[in-house]
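Take a look at the structure below.
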């Protein structure tokens, strides 16, 4: 009898898990799947362009895109010239409306 109750509870929990997982998703700028794909595509394009430059510190830059095409760059670079180059590359990427740089210039130890 106990195993039957436990099994029933397990099945009900398994069926309700997707509902609760979806209800917990509170990312407000990603209400529509198309917006999420668009944001991801812009982020991927920017990261690919930064990687193509083959400058080691550009690989340590984090790229985040919101639903309006605003890109935020954060992380550490070795010089202000590298930070400026990252911003320039990002601005030249298709779909990017504006760029906010939170890059920190830190020399490697």
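The values are calculated or read from the model by the stated rules, or taken from the named source; none is laboratory data. This structure is a prediction, so every number in the text was calculated from the model and none was measured. Please note: Cβ atoms are built from the backbone with ideal geometry, for glycine as well, and neighbour counts cover all protein chains shown.
A few comments on the model shown:
- Taken together, the residues in the range 67-84 that are touching a helix residue (DSSP H, G or I) at 6+ places or on another chain (Cβ under 8 Å), surrounded by 17 or more Cβ atoms within 10 Å (Cβ to Cβ) and either at pLDDT below 90 or within 16 Å of residue 105 (Cβ to Cβ) (or both) amount to 4.
- Test: residue in the range 14-24 that is in a helix (DSSP H, G or I), at pLDDT 75 or above and surrounded by 10 or more Cβ atoms within 10 Å (Cβ to Cβ): no
- Cβ separations smaller than 7 Å between residues 6+ apart or across chains give the following pairs from the range 58-86 residues that are at positive phi and in a strand (DSSP E or B) to residues that are surrounded by 14 or more Cβ atoms within 10 Å (Cβ to Cβ) and at pLDDT 90 or above: 75/103.
- Here is the figure for the range 88-101: residues that are in contact with a strand residue (DSSP E or B) (Cβ under 7 Å, 6 or more places away or on another chain) and either more than 10 Å from residue 61 (Cβ to Cβ) or exposed (fewer than 12 other Cβ atoms within 10 Å of the Cβ) (or both) total 6.
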